[in-house]
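Chemist: Before we start, here is the structure in question, set down as structure tokens.
The values are calculated or read from the model by the stated rules, or taken from the named source; none is laboratory data. Predicted model only: the values in this text are computed from it and were never measured. Methodologically, a virtual Cβ is constructed for each residue, glycine included, from the backbone with ideal geometry; neighbour enumeration extends over all protein chains shown. Each accessible area value is taken on the protein alone, full model and side chains, heavy atoms only, with ligands, DNA and RNA left out. Shrake-Rupley method; radii C 1.70, N 1.55, O 1.52, S 1.80 Å.
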Amino acid sequence: MCGIVGYIGQGQAFPYLLNALKLLEYRGYDSSGIALYDAETGLTVSKCQGKLAKLIEKTSTLPMNGTMGIGHTRWATQGVPSDINAHPHLNGKASVAIVHNGIIANYSELKQSLVAKGINFVSETDSEVLAHLVGCYLEEGMNLKAALRKVTEVVEGSYAICVICADEPDKLMMTCHDAPLVIGLGSGGDLFCASDSMAILQYTNRVIRLKESQIAELRADGSFSLFDRENQLVSEPEVQLLSHDPLSLDKKGYKHYLLKEIHEQPAVLRSLLESHLPGGQNVSIESLDQEALKNVTGITLLGCGTAYYAALVGKYVLEHLAKIPVQVEFSSEQIQRPVLMDKDSLVIAVSQSGETADTLLAVKACLREKIKVIAITNRLESSLSTIADAGSFFLNAGAEISVAATKSFSAQLMCLYLLALKLASLRGTLPEGLLQTLQNDLRCIPQLLEQTLSRAEQYKDQILPYSGYQSFIFLGRGVNYPLAMEGALKLKELTYVQAAGYASGEMKHGPIATIDENVPTLSIIVPGELLHKTLHNCIEAKTRGAPSLGIIADGDLESAEQLDAVFSIPSIGGDLPESLRDLFTPFLAVIPLQLMAYYLAEYLGKDVDQPRNLAKSVTVE
């Protein structure tokens, strides 16, 4: 979850580190800190609780000198957010500074052994043990590289570590296990490290991704060495060239990144459609393992949070169009279970960052059982896309800065719909005429999204009267049941208000007991064979006194008459069979759900782009 950066070269490290940390705040913003080495002043550390702005203010009058340094922005896992628990951490002699992302599973055991040696701990974190271990091994006569290797042999858990030492001032060392870390090869001898390449793209697009248990030694003269887990020199490490659109980091006049990213969804989906539907120029979908697609007997979709809800929509679409049995699992739950899939099963792992720890661990377990894996991710160079042996389907959504996922969710949906159509074509499960109709309707989505977004002010006027409520219920059926859960998640993330999403038909099996005049109920009531059933469930809530809100299609006067607030969306799917009429509505219905959460959060004065306690890329279990 935390963000890590490092620099060594001929320039001043502080401005590089600070600018990089600004781009990593999405990984955590409980606290931040920087350690610098300068030949005259030695090793100095500045850190503080709170967002990076506080560190900037704290260091504004300090001489932050040094041509080598490391930085960190924290999402607290062990130890409350505080100045003391902020990284970097030092050893007892203040000669070693480390930054760490991950969780040290045997922290308690290691700490007890170090305390027994007389070492004093000052923080509540598991990370501090790393600094003391390195310090102890240095005192035993090891050099910094050997000390870091010894650390990797004794610690258990996940980690990305960068370390600098006053006794070896010309080196920056780094290693990782089950957590991402990259080397950035700058110009003029500058070298960088980061837990996310986006942080250093402003300085270089040439990166080397560390593999499991590799150790990198970056040197002040611009040279570097990479060693594998057997301490053998990697003679020709793979250098990746990354693409970067600097405009994606511009708010383009919007008040928040979140609002900008909501409005970018038509362009993102238009690009995917132009690339991947018949006649498109992008061969990504064709580069997937075609044999695995043709022979697949069952699919397991893996995801966390918003990606999980996208996967649930994907289950509905894949089963209805491709006639393939699909199960959807939280990645964190799949890790704990045996992999019971046959050799022709296929795993599709969904992760915006491609670095989600639970998803990576679940995928690795499946790969050990020889199950083919496809990745759906926004990051070409991510760990997930690297290990997915049946190929990767890229969202191409651009940088998503706001912590709450919006455009990546829509892009994940589109990838799953395109895969479903591809599999339906390969398996011959749909008549050619129906397949063509589905493709034509899919092509209409971006334009209809633009029409939906043009109603943003109407949605704002409808939702603000409900800003004082402390609990909401979201209801949906069929393909829109996962959307109800996604809507509830967005409201929770952005406003901190309690919200729950349920299948409409399940409301009377328990949740209805919580409904009264203080619990607004929002139902997704769209054309299709489930419309009247969903409307009836909405009326059941209304008769218990609940304020009734609804997302409905244009022209649905019957539903509108039953609702206290209406969020209308354009109609789509009129040429489809009744059983598929609602197939494409999630693309449109998610827009009012996102905007409702946004406008309520803005009105309530919440931090829209960086909600409390959250991080964009969850890289710990």
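Chemist: Restricting to region 198-219, what's the tally of residues that are in a loop (DSSP other than H, G, I, E, B) and within 19 Å of L233 (Cα to Cα)?
Modeler: Adding up the residues that qualify gives 5.
Chemist: In this structure, is L583 surrounded by 21 or more Cβ atoms within 10 Å (Cβ to Cβ), more than 29 Å from H256 (Cβ to Cβ) and modelled with pLDDT of 95 or more?
Modeler: Answer is yes for this residue.
Condition check ((1) of a type outside the set (V, I, T); (2) surrounded by 16 or more Cβ atoms within 10 Å (Cβ to Cβ)) across all residues:
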| position | (1), (2) |
| --- | --- |
| K372 | yes, yes |
| I376 | no, yes |
| S383 | yes, yes |
| I401 | no, yes |
| C415 | yes, yes |
| G433 | yes, no |
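Chemist: If you go through region 426-446, how many residues are closer than 17 Å to K315 by Cα, assigned to a helix (DSSP H, G or I) and among the hydroxyl-bearing types (S, T, Y)?
Modeler: Of the residues in region 426-446, 0 are closer than 17 Å to K315 by Cα, assigned to a helix (DSSP H, G or I) and among the hydroxyl-bearing types (S, T, Y).
Here is a yes/no grid of residues against (1) modelled with pLDDT under 95; (2) open to solvent by less than 50 Å² (accessible area, probe 1.4 Å); (3) out of contact with any strand residue (DSSP E or B) (no Cβ under 7 Å at 6 or more places or on another chain); (4) farther than 15 Å from M485 by Cα:
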| site | (1), (2), (3), (4) |
| --- | --- |
| A500 | no, yes, no, no |
| S504 | yes, yes, no, no |
| T514 | yes, no, yes, yes |
| P527 | yes, yes, no, yes |
| H532 | yes, no, yes, yes |
| E540 | yes, yes, yes, yes |
| G545 | yes, yes, yes, yes |
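Chemist: What residue, among those in region 226-248 that are touching a Lys or Arg at 6+ places or on another chain (Cβ under 7 Å) and among the aliphatic types (A, V, I, L, M), is modelled with the lowest pLDDT?
Modeler: L241
Chemist: Scan K294, K315, K255, K251 and give me the residue that is farther than 30 Å from F224 by Cα, surrounded by fewer than 19 Cβ atoms within 10 Å (Cβ to Cβ), at pLDDT 90 or above and of a type in the set (D, E, K, R).
Modeler: K255
Chemist: When you look at K490, is it open to solvent by less than 10 Å² (accessible area, probe 1.4 Å) and among the basic types (K, R), yes or no?
Modeler: yes
Chemist: Return only the number of the condition from (1) under 27 Å from the mean Cα position of the chain (by Cα); (2) in a loop (DSSP other than H, G, I, E, B) that Y159 does not satisfy.
Modeler: Here Y159 clears every test but (2).
Chemist: Let me ask you something else. Give region 447-474 a look and list any residue that's within 26 Å of the chain's Cα centre (by Cα) and assigned to a helix (DSSP H, G or I), or say none.
Modeler: Of everything in region 447-474, those that are within 26 Å of the chain's Cα centre (by Cα) and assigned to a helix (DSSP H, G or I) turn out to be L449, E450, T452, L453, A456.
Chemist: Regarding G92, is this residue surrounded by 15 or more Cβ atoms within 10 Å (Cβ to Cβ) and part of a loop (DSSP other than H, G, I, E, B)?
Modeler: So G92 passes the test.
Chemist: Name the residues in region 176-192 that are assigned to a strand (DSSP E or B) and closer than 16 Å to E355 by Cα, would you?
Modeler: Passing the criteria: C176, H177, V182.
Chemist: Which residue out of L423, L489 is modelled with pLDDT under 95, part of a helix (DSSP H, G or I) and among the hydrophobic types (A, V, I, L, M, F, W, C)?
Modeler: Of the residues listed, the single one that is modelled with pLDDT under 95, part of a helix (DSSP H, G or I) and among the hydrophobic types (A, V, I, L, M, F, W, C) is L423.
Chemist: A further question on this structure: For a quick check of your reading: which helices (runs of 4 or more DSSP H) sit entirely within region 248-364 and have at least 1 residues that are farther than 26 Å from I445 by Cβ?
Modeler: Of the helices (runs of 4 or more DSSP H) lying wholly inside region 248-364, those with at least 1 residues that are farther than 26 Å from I445 by Cβ span 290-295, 331-334.
Chemist: While we're looking at this one, here's another question. Can you tell me which residues in region 73-89 are of a type outside the set (A, V, I, L, M, F, W, C) and assigned to a loop (DSSP other than H, G, I, E, B)?
Modeler: T77, Q78, G79, P81, S82, D83, N85, H87, P88
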